[in-house]
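The values are calculated or read from the model by the stated rules, or taken from the named source; none is laboratory data. As the structure is a prediction and not an experimental result, all values here were calculated from the model. Just the protein is used for accessible areas: all its heavy atoms, side chains included, with ligands, DNA and RNA removed. Shrake-Rupley method; radii C 1.70, N 1.55, O 1.52, S 1.80 Å.
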Amino acid sequence: MPRLALYALVVCVLSVAAAVVSFAQGMWLGIVWVLLAGLSSNMTWYYSRRAKALRQRDEAAAAASSR
């Protein structure tokens, strides 16, 4: 997993935990944590897919050049 995707995943997990604690205490600030969790999960997905696409492109280029 790429480093940026891993960092975004950590932020996602921590923001979900913060949202749970915030809502458990009755604070509406948890909405901000939920939004941050959504953003960071999208970033995790994006960077993971991007790394996979780059890996496939490099493998295809290596296979084509070896012919």
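Karplus-derived 3J(HN,Hα) values for the range 26-37, using 6.51 cos²θ - 1.76 cosθ + 1.60 with θ = phi - 60°, are x, 9, 7, 5, x, 4, 5, 5, 5, 5, 5, 5 Hz; glycine and proline are entered as x.
Using a probe of 1.4 angstrom and keeping all protein chains present, the accessible surface of the chain works out to 78 square angstrom per residue.
Note on the chain: Cα-only Rg and Dmax are 17.8, 64 Å. Karplus-derived 3J(HN,Hα) values for the range 50-58, using 6.51 cos²θ - 1.76 cosθ + 1.60 with θ = phi - 60°, are 5, 5, 5, 5, 5, 4, 5, 5, 5 Hz; glycine and proline are entered as x.
Taking the protein heavy atoms of the range 2-66 in the context of the full set of protein chains, the accessible area attributed to carbon and sulfur is 71 percent at 1.4 Å.
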